[in-house]
Amino acid sequence: MKILCPTDFSERARAAAQVAVDLASRTGGTVELFHVVPPRITDRITDAAALDGALRSDGEARLAAECRELAGAGVQVTSGLGEGDVESSVLARAKAIAADLIVMGAHARPAVERFILGSAAERTLRRADCPVIIVPPGVHRLGSGPEGKRPLRIVAALDGRNASAGAIDFVRGLRRHFNCDVTFVRLYWPVEEYVRLGLIGERSLFEPDADVIADLSRRMALDVGALPGFGRVDFSVEPTWGDPAAALLSFAGKLDSELVVMGAESRRGLARVAHPPIAERVARHAQGAAVAFIPAPPAEPAARHAPGIFTVLAATDLSAEGNRAVPFAYSLLAGNGGVVELCYVHARALPSPAYVYDSPQGQLTDVARARLEHELRALVPAQAERSWITTHVTVIDGGEAAKAILQASERLAADAIVIGSHGKGAAYRTFLGSVSQDVVRHARRPVLVVPSTRKEAS
């Protein structure tokens, strides 16, 4: 691992250099200390060239002294000198030496000043193409140092977006070199998850919800997969209100973590003003643990990535047109096997919001539910089991059909949705809409719509 460590020779910069050396020692890497001198002084000042030369000579001498001090850890430490704007010079140097990582110290300036001016560290992590570790006040080494045998305690924050993939890859790379105890954490907004999953009945807005935890834990485990190396791996799903950056830092503090790993967002322009990136707020307020900000990996070209389909949600209203679509769900899994989630929605009005109130009015009886489940099982093709296809039957009691189908696809982690079209005419769709159209319009996964065999009315 090739590590670039910018320094201004301050206490925070020296702590960052020590963290860089500790990490290089654990990974068999190298460190380059990099100092940026101010832009060349204008010729209007007497002896400007001499002053420029003195600044460069002083920078080179101090770099050499720090390199000698750090080299005692058995890590190759070199030095470099730049000139001009700090973050631009650092990013250019990182690109020139193909750095794998940038390690920088964060200064504890007053909050108002930091809000107005930002910091070189924050601006660098916003623009960097490689991971950036910010070393905040209170951190002087990475764990117990290079000679320590205890696993490094890491908290890795995931949010289900592309940036999380970079954080997972970074943790995976660290575990290839040394032991790490990792806790992957997902913070969630209760209301957002209740609506996404279509959870109904009275739910707490402050206590962890078992259904949400089961869903997000499964998703995290699938995203993380198998990790190399040794050390504990845990998953935690926590409800949160208010600032997610503060919640993440509080969680990391409770676990006494030594390194927090998270994706680095890249919002720009008005989006940055309206939604300040969580990563920058974490960088601004971190205390007691270094924080690694990982850019999202480049997206794979669509033509080179063939996503697998292992779970298909087949929704039917048990009409002839709806049932006709069901065999197509099984055909998507023919040859490879998988799971078909066979689903029926008993549409009925629910109170708003549905996650606050129980709604017994119009609820299915046990007898009615059993009858519907029997009708769904009767639709399973005879060859399904021989094709290694498992069928799960679900009757959803309540809600609008299209919305309930979409929410079920989230709960069941479906890779695709299959639904039939009733083939109603244009006038009918104008006034009443279409379930299949609404599903296609709002789905977050591929949808196969099986058209009706009936001739459409105009």
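Roughly how many debye, to the nearest 20, is the charge dipole of region 307-450 about its Cα centre, given +1 on each Lys and Arg Cβ, -1 on each Asp and Glu Cβ, and no other charges?
Values: 13 positive and 13 negative charges, 66 e Å.
Computed about the Cα centre, the dipole is about 320 debye.
The calculated FRET efficiency for the pair Ala96 and Ser57, based on their C-beta separation and a Förster distance of 25 Å, comes to about 0.65. Based on Cα atoms of region 307-450, Rg over Rh with Rh as the Kirkwood radius reads 0.97. Annotation: the residues Asp58, Asp22, Asp215, sorted from fewest to most other C-beta atoms within 10 Å of their own C-beta, follow the order Asp58, Asp215, Asp22.
Please work out the FRET efficiency for the pair Ala64 and Asp243, using the Cβ-Cβ distance as r and a Förster radius of 41 Å; give the result to the nearest 0.05.
Efficiency, rounded to the nearest 0.05: 0.40.
Given a Förster distance of 45 angstrom, what is the FRET efficiency for Phe230 paired with Trp189, based on the Cβ-Cβ distance and rounded to 0.05? Between Phe230 and Trp189 the formula returns 0.85.
Take the Cα of Glu202, step 7 Å toward its Cβ, do the same at Arg127, and the gap between the two points is 5.5 nm. Each listed q (0.14, 0.15, 0.18 Å⁻¹) maps to a log10 I(q)/I(0) for region 150-301, found by the Debye formula over equal Cα scatterers with no solvent: -0.71, -0.82, -1.15.
Regarding region 1-105, what's the average projected area of the Cα-atom convex hull, expressed in nm²?
Numbers: hull surface 25.6 nm².
For region 1-105, averaging the hull's shadow over all directions gives 6.4 nm².
Since every read-out is calculated from the coordinates, none of them should be taken as a lab result. Note that the structure is a prediction, hence the values are computed from the model and not measured. For neighbour counting, all protein chains shown are included, and Cβ atoms are generated from backbone atoms with ideal geometry for every residue, glycine included.
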